[in-house]
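Worksheet: one structure, shown below.
The values are calculated or read from the model by the stated rules, or taken from the named source; none is laboratory data. On a predicted model such as this, the values are computed, not experimentally measured, just so you know. Glycine gets a Cβ as well: all are built from the backbone with ideal geometry, and neighbour counts include every protein chain shown. Side chains are part of the model used for accessible areas, which takes the heavy atoms of the whole protein and leaves out ligands, DNA and RNA. Shrake-Rupley method; radii C 1.70, N 1.55, O 1.52, S 1.80 Å.
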Amino acid sequence: MELYLAIDAGGTGTRAGLYDGRGRLVAETEAGPSNPIAYGLDTCLEILTQVGREVLAGQPDPLASVAAAVSGAREADLRETLAQRLYEIFHPTRAIVTDDLRPLLFANAGTDAGVLAIAGTGSSVLAQDADGRWVLVGGRGAILGDEGSAYRIAVEAMRAAAHAMDGLGPETRLVEELPVAAGVDNFTAMPGYAERASKQVVADLARVVCQLAEEGDAVAADCVKQQAGRLAEQVAVAAERLGLPSGICVYEHGGLFMGSLRYRDNFEEALLATMPDTEFRLPRFSGHRAVLEVARATELPSTVPTGVYPAAGIPLSPTETAPENRLNLDELPAEEIVRAMNREDMRAAEAVGRAAPAIAAVIEAAAEAIRSGGRIVYLGAGTSGRLGVLDASECPPTFGIEPERVVGLIAGGEKALRDSIEDSEDSTPKAEADMDAVAPTERDLVVGIAASGTTPYVRAGLERARSRGAKTVLLCCNPYCTDGADIVLTLDTGPEALPGSTRLKAGTATKMVLNMITTGAMALSGYVYDGLMVGMRPVNAKLRRRAARIISTLSEINPVEAEEYLDAAEGRIQVAVLMARLGLDADVARERFEEAGGNLRAALSEDA
């Protein structure tokens, strides 16, 4: 069963609904406001991620589409950015982002001519004709617009009450009732309240104004009537610009229409005076149910400008798709599961082989970083992050290099090594902070690891590393990923046995390549001699025996003598080899090794 995630991301709150293919609501939740202009892109994405993960919790079925109607998302670049990030977070077939008005009109009017009048905390009018033209009137915020909104009703009511206090206007109960609703002692405190209160808090006072209007307060009633008339004027202007007929349908949406019969009557009366045949309706679909119509649409009209990802012609990463002959592992006996997965693992090795030239380029860059005194820094989330940390942690005991020379960063920090903290992969601020803590320079090589190639944590970390002068590599298993680093190393491992489970083939291929990067870099940097681990640290009995065998082999002496040299060299294999082969004492051998830059081959040469 396919699922659709629909998010209504408003300026005062965010609501998400999960629907099945028949349009039935499966789960819903809500959170705080997520307007990216007012609260920032990262906060917006955090809220969208939160509500999305909450409704998707425990759902095994694939996500066909995610659509978000986002307040403030009027610019094409912002919509496209949000769409890509939602795609990366939720992995649907496609992600769609539009503003918070278009879904309402599209869901109720389709491609027919119609007008949407919004009267809530803010206000605006959206109109469209049958030819795909549209016009937006109002919606310019508290300072430049919002005529007809709850906010403007509250502001005009406070002004009217102030005039009454100053003897410049008629008496009104607003003087006594507004302070009570605002939670202040008296009207004298209202100016300070108005300066400190948010737009939404001020707009809440409109309820008191509408109630007093119903109870016969003439000043309150005039505030309501005046603003309802202003919104009607905007509808008339929008209709005139598009040449809409007077019998057009106007959809009335927002808290004022739903909560104040007087406001609605005033609005309709004012509009009928100029457009006498107007038809009025409350929207059949609203909130995330309206957004669902966008999520399910196979084609959206030009009246619904959107950001869509993947854009037309950009395929889904193979790691997220099912193989041509899907492996129903749950229907196979154990031995067949082994054989099927073994066949897939062979393809992982083949993918690594095909990428040999690119891997070689990364090895050379890594070796240059090590030789210049720089570092190799791995960056990843989930499985990719764990693989990077694992490879980094194994370099000191294997090659004898200092731990700070090969560093592994994982989204979510040390806890993520043992526990799944998958939402941490979406945190770009954390990636930037982690990278700033490492403080990469032009001598360092930063390797971002992400099977899909699109993980926000990895992308943001690589971007920050590049800004600090480091050379960067993106290691991924998505052949359609072509940017994001100085070197993009792609392993085309294809679909997984369990689609989307990139700990399988993608993880296997990634580990193979990480082995090659560090082993190759260390070999080119003098930490390997004659194919042996001369930098290894003999920290236990097994490794001490291995170290003695290495010294014995390279110096052509017996293991007992080799152990004596190892003791004299204080456990440093390279120094022990120099002592045995050149007849040097420990101090001279150690000095010769250091003068050769820690390279045994150079130290053994006549020119050393």
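At-a-glance table
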| read-out | value |
| --- | --- |
| Ranked order, M158, M533, M258 - accessible area, probe 1.4 Å, largest first | M258, M533, M158 |
| Value of Rg/Rh across the range 162-259 [Cα atoms, Kirkwood radius] | 1.07 |
| Cα centroid separation - the range 80-95 against the range 217-245, whole Å | 39 |
| Note, ³J(HN,Hα) from phi for the range 453-460, Karplus 6.51, -1.76, 1.60, rounded to Hz, x at Gly and Pro | x, 10, 4, x, 4, 5, 4, 5 |
| Structure-derived mean projected area of the Cα convex hull in nm²: which label, when the choices are (i) 36.8; (ii) 23.5; (iii) 27.2 | (i) |
| Estimated inter-spin distance, R140 and L390, nm [label 7 Å along Cα→Cβ] | 6.0 |
| Gap separating the Cα centres of the range 348-377 and the range 121-146, nearest whole Å | 54 |
| Computed over the range 68-155, Kirkwood Rh from alpha-carbon pairs, angstrom | 14.3 |
| Solvent-accessible area of H163 with every protein chain in place, 1.4 Å probe, in Å² to the nearest 10 | 90 |
| Cα gyration tensor shape for the range 487-601, rounded if a/c is under 1.5, else prolate or oblate | prolate |
| Placed amide H near T14: partners under 5 Å, 5+ positions off or other chain | A31, G32 |
| Relative counts (whole %) of C-alpha pair distances in the range 547-608, using bins that are 10 Å wide | 28, 58, 14, 0 |
| The range 71-220: radius of gyration and largest Cα-Cα distance (Dmax), Å | 20.1, 64 |
| For the range 256-371, convex hull volume per residue from C-alpha positions, Å³ | 334 |
| Ranking by accessible area, most exposed first, for R102, R375, R549, R572 with a 1.4 Å probe | R549, R572, R375, R102 |
| Sequence-distant residues sharing a close amide H with V447 (under 5 Å, placed H) | V377, Y378, L379, V473 |
| Those lysines that a straight Cα-Cα span of less than 29 Å connects to K505, excepting residues fewer than 8 apart in one chain | K415, K430, K471 |
| For the range 424-525, radius of gyration divided by Kirkwood radius, i.e. Rg to Rh on alpha-carbons | 0.98 |
| Debye, to nearest 20: dipole size of the chain, +1 on Lys, Arg Cβ, -1 on Asp, Glu Cβ | 900 |
| Hits among lysines - C-alpha to C-alpha of K199 under 25 Å, sequence gap 8 or more where chains match | K225 |
| Residue list for the range 440-458, given a label point 7 angstrom along the Cα-to-Cβ vector of E350 and an amide N cut-off under 19 Å | none |
| Area accessible to solvent at K430, 1.4 Å probe radius, in Å² | 90 |
| Rg and Dmax [Cα atoms of the range 1-89; Å; Rg one decimal, Dmax integer] | 12.5, 37 |
| Distance histogram in 5 Å bins (all Cα pairs of the range 128-193, percent per bin) | 4, 15, 20, 16, 14, 10, 5, 4, 5, 5, 2, 0 |
| log₁₀ of I(q)/I(0) at q = 0.15 Å⁻¹ - the range 343-458, Debye sum with one point per alpha carbon | -0.72 |
| The range 582-596 - phi-based ³J(HN,Hα) in whole Hz, Karplus 6.51/-1.76/1.60, Gly and Pro as x | 10, x, 9, 7, 4, 5, 5, 5, 5, 5, 4, 5, 5, 5, 8 |
| Calculated [θ] (222 nm, deg cm²/dmol) that DSSP helices of n ≥ 4 give over the chain, each run adding -39,500 (n - 2.57) | -15000 deg cm²/dmol |
| Whole-angstrom gap from the range 520-569 to the range 170-210, using each part's C-alpha centre | 82 |
| All Cα pairs of the range 487-529, percent lying beyond 12 Å | 66 |
| Positive-end residue, the chain charge dipole about Cα centroid, Cβ charges, pick of S286, G254, Q59 | Q59 |
| Within straight-line cross-link reach of K542, aspartates and glutamates at Cα separation under 18 Å, skipping those fewer than 8 residues along the same chain | E394, E561, E563, E564, D567, E570 |
| Phi to ³J(HN,Hα) by Karplus 6.51 cos²θ - 1.76 cosθ + 1.60 over the range 539-555, Hz, x for Gly, Pro | 8, 9, 4, 4, 6, 5, 5, 5, 4, 5, 5, 4, 4, 4, 5, 6, 10 |
| Of every Cα-Cα pair in the range 176-331, the percent that sits beyond 28 Å | 49 |
| Approximate shape of the range 46-116 as ellipsoid semi-axes (Cα gyration tensor, √5λ), whole Å, largest first | 24, 15, 11 |
